[in-house]
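In what follows, a structure is listed as structure tokens, so that the remarks can point back to it.
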Amino acid sequence: MFLEKIRPSNKIIIASHNQGKVIEIRDLLEPLGLKLISAASLNLPEPEETANTFSGNARLKAEAATLATGFPAFADDSGLSVDALDGEPGIYSARWAGEDKDFSMAMEKVNAALCEVDVKLKIEASRSASFFCALALAWPDNKTEIFEGSINGTLCWPPRGGNGFGYDPIFIPTGYDKTFGEFDQKLKHSISHRAKAFAKFLSYVQNEYDEQ
């Protein structure tokens with residue numbers, strides 16, 4: 001039923017202008033044999049993210065792309081939540097990087113904010129954090145499916161590694177001693193918050209097949 005709903009074009013829009021996310025989502029979706037088109041390549045405008053949750057913003061982006069193109073759309077909203085910063089930057093993770101999407105600056109902001117907490121508490125605050133991902137699949141018939149995943153870890157400073165994107169160079173997932181920025185990307189794709197959300201999506205696809 002899943003692929004039947006996508007046919008006859010077999011096209012699906014990746015509703016993101018973040019090239020790092022587009023690459024990761026493309027890697028995850030390509031085995032399904034879909035024709036994947038990024039929102040950026042179609043010059044689609046980025047909708048204003050007005051929801052107060054990752055899932056809400058993923059839904060906004062997917063539904064906007066579907067409305068604009070008439071094709072199913074797959075969107076991601078994800079970010080870093082730091083316990084000592086009361087969950088910030090959270091849904092504002094991309095906005096901490098500014099209009100230029102400068103995540104070196106965003107990582108410096110996170111570290112500076114944690115240092116301020118250290119001074120306030122007069123002890124080193126916890127560096128525990130988590131990545132959260134919400135994937136939204138919007139259909140032209142106005143139905144939208146949501147899939148969520150998260151991974152816990154700790155933050156380090158200074159940043160380490162040049163792989164991945166966003167806050168990856170300061171995030172060490174629990175059970176590992178390397179940052180996502182140092183990870184082989186195949187390994188990252190197998191354990192990340194996005195991978196966990198995508199596993200739920202694949203379960204949804206399998207259930208759709210089983211019902212045929």
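The values are calculated or read from the model by the stated rules, or taken from the named source; none is laboratory data. What you see is a predicted model, and the numbers here were worked out from it, not measured in a lab. Cβ placement follows ideal geometry from the backbone for every residue including glycine, while neighbour counts extend to all protein chains displayed.
A compact table of results
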quantity	calculated
Near pairs, Cβ below 6 angstrom, 6+ apart or cross-chain, from segment 165-186 (under 13 Å from S128 (Cα atoms)) to any residue that is part of a strand (DSSP E or B) and not acidic (D, E)	I170/L155; F171/G153; I172/G153; I172/T154; P173/I151; P173/G153; T174/N152; T174/G153
Filter result for K101 (within 26 Å of Q185 (Cα to Cα), surrounded by fewer than 18 Cβ atoms within 10 Å (Cβ to Cβ), in contact (Cβ under 8 Å) with a residue 60 or more places away in the chain and within 18 Å of the chain's Cα centre (by Cα))	yes
Residue check, L60 in a strand (DSSP E or B), modelled with pLDDT of 95 or more, under 22 Å from I146 (Cα atoms) and not aromatic (F, W, Y)	no
The one condition in (1) in contact with an Asp or Glu (Cβ under 8 Å, 6 or more places away or on another chain); (2) modelled with pLDDT of 95 or more that S126 fails to fulfil	(2)
Candidates D76, D27, D83 - the one that is in contact with a helix residue (DSSP H, G or I) (Cβ under 7 Å, 6 or more places away or on another chain) and surrounded by fewer than 18 Cβ atoms within 10 Å (Cβ to Cβ)	D27
Which numbered condition G161 fails, given (1) of a type outside the set (F, W, Y); (2) crowded, with 16+ Cβ neighbours inside 10 Å; (3) within 22 Å of L28 (Cβ to Cβ)	(2)
Single condition A199 does not satisfy, out of (1) under 20 Å from F74 (Cα atoms); (2) exposed (fewer than 15 other Cβ atoms within 10 Å of the Cβ); (3) at pLDDT 90 or above; (4) over 15 Å from the mean Cα position of the chain (by Cα)	(4)
Which numbered condition L114 misses (of (1) more than 18 Å from the chain's Cα centre (by Cα); (2) buried (at least 16 other Cβ atoms within 10 Å of the Cβ); (3) within 29 Å of L32 (Cβ to Cβ))	(3)
Selection from segment 129-181 of residues that are out of contact with any helix residue (DSSP H, G or I) (no Cβ under 9 Å at 6 or more places or on another chain) and at pLDDT below 95	K143
Residue that is surrounded by the most Cβ atoms within 10 Å (Cβ to Cβ), among those in segment 39-73 that are among the hydrophobic types (A, V, I, L, M, F, W, C) and free of Cβ contacts under 8 Å to residues at least 24 places away in the same chain	L60
